[in-house]
């Protein structure tokens, strides 16, 4: 076996997502398993270079995990020829400038979504990356959720027949921050800082719908700012200028219609924080983060509408659990493996690292 060291500049790893999912559960997890075997006698050994604005925070992370290199100077890191890949998990408003610098430096790109908050910015980055001849992709972690992997198995097996519709419900109550601390950072609720639930969640819905059910042909969405005032991390009130809920209808190639509600102002009355119900001519399924339940045409009950008597059926009991039939790795790690194989073994990326559009539901990166 030949071990090849791959140096990866990781910008934004002091944030929750960048640290937990990308650094610890992906890159460091790959190191713990001995690297990534490419199958040709080569093992990739990822070596993270931590990048950020706060030197103390970077030093703390580096010491905690035995990481040798960190820097607050992005330009210097990008000028280092030993760094092969640039990864970005910064706040949305800071991402575009950093990605343009990385493209100019000739680094392969892997980035959190969205690449930009509008169509023009996303297409500019795509064209620059293509012109530079670099490998590039956007995180699409939802495709690797156990519940959606089970749903994909059903689709591939022809369980649904002709798919008619997809209904998605996502969200939970994010506290305003006055009498209980908010679970999300305050910038998420300021449009001037790149916040908003459309910018955050519609990129996910685009690739989930595209990869599982068909390309999105058209989008209609009503957005709202239901909570107009929130309190920041210092307990100070601020005006929420970004949308905290969006109610979307998506027309898909093939004729299916998807409806997805996204909200940070909804209290959860479902089994998981996100659920998708898929109805087809031969059967239906409800998939969440981990679980998936089905009801086949042959086992569909015959409900009768009668508001004059109480319901005697427990409708949830009429569905069957889809078994795991395998082990599911962390989705972020699985996609990191696919991207690294794409860069260093020329592996295909269809359905895995297909670059995603901006939140405006624009065309995919070409």
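The values are calculated or read from the model by the stated rules, or taken from the named source; none is laboratory data. Predicted, not measured: the structure shown is a model, and the values here were computed from it. All Cβ positions, even for glycine, are placed from backbone atoms using ideal geometry, and neighbour counts span all protein chains on display.
Just a yes or no: is a residue in the stretch 197-211 part of a loop (DSSP other than H, G, I, E, B) and either modelled with pLDDT of 95 or more or out of contact with any strand residue (DSSP E or B) (no Cβ under 8 Å at 6 or more places or on another chain) (or both)? Scanning the stretch 197-211 turns up no residue that is part of a loop (DSSP other than H, G, I, E, B) and either modelled with pLDDT of 95 or more or out of contact with any strand residue (DSSP E or B) (no Cβ under 8 Å at 6 or more places or on another chain) (or both).
Evaluated against (1) in the same structural domain as residue 155 (by TED's automatic domain parsing); (2) not in a loop (DSSP other than H, G, I, E, B), residue 341 falls short on exactly one condition, (1). What about residue 89, is it more than 21 Å from the chain's Cα centre (by Cα) and surrounded by 21 or more Cβ atoms within 10 Å (Cβ to Cβ)? No: the conditions fail for residue 89. Hey, any hits in the stretch 271-288 for a residue that's farther than 23 Å from residue 210 by Cβ and either assigned to a strand (DSSP E or B) or in the same structural domain as residue 204 (by TED's automatic domain parsing) (or both)? Within the stretch 271-288, one or more residues are farther than 23 Å from residue 210 by Cβ and either assigned to a strand (DSSP E or B) or in the same structural domain as residue 204 (by TED's automatic domain parsing) (or both). Inside the stretch 306-322, residues that are part of a loop (DSSP other than H, G, I, E, B) and touching a strand residue (DSSP E or B) at 6+ places or on another chain (Cβ under 6 Å) make up a count of 2.
Going residue by residue through the stretch 329-352, is there one that turns out to be over 26 Å from residue 7 (Cα atoms), touching a residue at least 60 places away in the same chain (Cβ under 8 Å) and surrounded by 13 or more Cβ atoms within 10 Å (Cβ to Cβ)? Looking through the stretch 329-352, none of the residues is over 26 Å from residue 7 (Cα atoms), touching a residue at least 60 places away in the same chain (Cβ under 8 Å) and surrounded by 13 or more Cβ atoms within 10 Å (Cβ to Cβ). Restricting the stretch 94-125 to residues that are in a strand (DSSP E or B) and in contact (Cβ under 8 Å) with a residue 40 or more places away in the chain leaves a set whose member that is nearest to the chain's Cα centre (by Cα) is 110. In the stretch 36-60, the residue that is farthest from residue 342 (Cα to Cα) out of those that are buried (at least 19 other Cβ atoms within 10 Å of the Cβ) and touching a strand residue (DSSP E or B) at 6+ places or on another chain (Cβ under 6 Å) is 58.
Scanning the stretch 133-187 for residues that are over 24 Å from residue 277 (Cα atoms) and in a helix (DSSP H, G or I) yields 186, 187. Residues in the stretch 41-53 that are out of contact with any helix residue (DSSP H, G or I) (no Cβ under 9 Å at 6 or more places or on another chain) and modelled with pLDDT of 95 or more: 43 alone.
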